[in-house]
Amino acid sequence: MLFESVGKEGAQLAGNVMGGRARLALAFGVAPDKLLAEVLRRLRASAQVVEVPREVAPAQQVVLTGDQADLTALPVHLQHGMDGGRMSRLRSTSPSTARAAGPTSACAA
């Protein structure tokens, strides 16, 4: 599945591209028989690093700390219809309070 314009940034987003070699090749914009060469080419290429100052970085627009910080509120991207079971529980221990964050309600067993 390919979304052409996601969010206010208008980014492209591809999902479930591992459904088969033909789908993966389509996601890379090549024919299936050229897939390996394209993947290897991209792995060898150096990524362009763009530094964004903290004060304008989208990832810093919402910062929750203390009791407001809730890892279970983060969206969990499911890749498969059977995802979301026991293995996808998100657990973290806060060094300052030594509390463990519990599983998301969707994953609670």
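Side notes on the structure shown:
- Residue check for LEU36: modelled with pLDDT of 80 or more and over 26 Å from MET1 (Cα atoms): no
- Residue satisfying all of: in segment 1-26; at pLDDT below 85 and assigned to a helix (DSSP H, G or I); nearest to PRO58 (Cα to Cα) among these: VAL17
The values are calculated or read from the model by the stated rules, or taken from the named source; none is laboratory data. Being a predicted model, the structure only gives us computed values, none of them experimental.
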